[in-house]
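Nothing in this text is a laboratory measurement; each read-out follows from the coordinates by a stated rule. All values derive from a computational prediction rather than experimental measurement. Virtual Cβ from ideal backbone geometry, glycine too; neighbours counted across all protein chains shown.
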Amino acid sequence: MKVLANDGISKAGENTLREAGINILDNRVAQDHVINFINDNNVDVLLVRSATKVRQDLIDACPGLKIIGRGGIGMDNIDVEYAKSKGIKIINTPTASSKSVAELVFGHFISLARFLHESNRLMPLEGETHFNAMKKSFSNAYELSGKTLGVIGFGSIGQEVIKIGIALGMKVTVLTRSPKTEVLTLNFFDGQSVNFEITSTNDMDAFLKEADFISINTPKTNEYIIDTPQFEKMKDGVYIVNTARGGVINEVTLIDFIESGKVAGAALDVFENEPNPELPLLMNPALSLSPHVGGNTVDAQEKIGIELAEQIIKLQKETIR
Ligand SMILES: NC(=O)C1=CN([C@@H]2O[C@H](COP(=O)(O)OP(=O)(O)OC[C@H]3O[C@@H](n4cnc5c(N)ncnc54)[C@H](O)[C@@H]3O)[C@@H](O)[C@H]2O)C=CC1
Ligand SMILES: O=C(O)C(=O)COP(=O)(O)O
């Protein structure tokens, strides 16, 4: 079996595959050349992250492909149903990076509430006057403790975000398409744990009226979840973090509501025009930005690599049998 990990795979994942006798190619092939590379090298398994797109044309042109693997969660870069209809197995790693994404959400929330992103931009300008002016303007800062965390999406990442919020002493409200109740477990380092129950709401207006800090944790949606009508119903001074996908929040409208003062600050890890975010986003001081790094930790990528490798090994055994 031959594997092409076109957007990379961790050493741990690579070693697990090699130890099972699976040939792994570590080439990074440009999108336009992926089809030829797969066919010329008899690749059986194509592994991708979010960069390589696996659309119908590629699937049709590569009849030898047996498995498509997504090292990560979101499968919006893969035509999953079409691939399945052609008999190709699709695998991903649904929870391996959830904690990493949730931690990034709070990295951004704290950066926004304490102006860390802006401090880092402005600190290199020297002088006592400048220092004191920054200190004064950054005093319009807030604690997260005691505020209301609003989470849109109650899946694997949403649940990890909620747990961190609870640990920080936040009140939590969760928005889903239909109400549901989940029992979440907060695990402590010493092995102890606490269970708590959360019931979500599908009442968008009530949710927006309550939330001080909003985290969007849904898959890519066909329509904006957050657009003008939703911004208008938010609390004044709300903070928003999007680590979900470009297209769940209207970025142009977001800038308008930042400029009106309705939104105190927002963070984007994903963009409508990825990997080339629009200039007004890049230049706005109220935005904390990161280049799609939610799952991009050593910890998450190790888990992802090993989980992918184990799934491939299992599927190979099933095929041989
Ligand atoms: N920034 C990054 O690096 C990363 C981003 N992601 C993104 O995060 C997304 C979510 O990941 P998980 O939580 O693991 O997925 P999940 O599938 O466990 O949970 C997503 C939840 O969102 C809900 N949902 C869908 N549309 C909704 C809507 N309009 N309103 C409210 N809820 C809605 C679904 O019912 C589901 O419960 C991924 O699909 C991916 O797009 C995931 C990993 C890394
Ligand atoms: O797992 C996901 O859904 C992600 O968005 C992570 O994307 P990446 O693998 O870092 O390009």
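Among 264, 165, 254, whose Cα lies farthest out toward the positive end of the dipole of region 97-289, if unit charges sit on the beta carbon of Lys, Arg (+1) and Asp, Glu (-1)?
After comparing all options, I get 165.
Tell me which chymotrypsin sites (Phe, Trp or Tyr not before Pro) from region 198-263 have a DSSP coil assignment and no more than 14 other beta carbons within 10 Å of their own.
Nothing satisfies the criteria.
Using the structure shown, select from 86/317; 99/317; 89/180; 99/233; 84/314; 89/314 the pairs with a Cα to Cα distance greater than 23 angstrom.
The pairs that break the limit, which is 23 Å between Cα atoms, are 99/317; 89/180; 99/233.
What ranking do 86, 66, 11 get, fewest neighbouring Cβ atoms within 10 angstrom at the top?
11, 86, 66
Based on the alpha-carbon gyration tensor of region 140-221 and its eigenvalue square roots a ≥ b ≥ c, which shape applies: rounded if a/c is under 1.5, prolate if not and a/b is larger than b/c, or oblate?
oblate
Round to a whole angstrom and tell me the spacing of the C-alpha centers of region 66-100 and region 239-260.
27 Å
Where in region 284-301 is the amide nitrogen less than 18 Å from a point lying 7 Å along the Cα-to-Cβ axis of residue 274?
Within reach of a label on residue 274, which here means backbone N under 18 Å from a point 7 Å along Cα→Cβ, region 284-301 contributes 288-298, 300-301.
Placing unit charges on C-beta atoms (Lys and Arg positive, Asp and Glu negative, everything else neutral), compute the dipole magnitude of region 1-106 about its Cα centre in debye, rounded to 20.
About 220 debye.
Do any GluC sites (Glu not before Pro) in region 244-287 lie in a loop, going by DSSP, with at most 11 other beta-carbon atoms within 10 Å of their beta carbon, and if so which?
none
Could you tally the net charge around residue 268, taking each other residue with its Cβ under 13 Å from the Cβ of residue 268, Lys/Arg +1 and Asp/Glu -1?
-4
In Å, what Rg and Dmax follow from the Cα atoms of region 162-306?
Cα only, region 162-306: 16.6, 47 Å (Rg, Dmax).
Starting from the Kirkwood radius over alpha-carbon pairs of the chain, derive D by Stokes-Einstein at 25 °C in a medium of 0.890 mPa s and give it in µm² s⁻¹.
Answer, rounded: 114 µm²/s.
Taking R0 as 51 Å, what FRET efficiency do you get between residue 317 and residue 289 from their Cβ-Cβ distance, rounded to the nearest 0.05?
Calculated value: 0.70.
Over what distance in Å are the Cα centres of region 266-321 and region 153-195 separated?
A separation of 22 Å, based on Cα centres.
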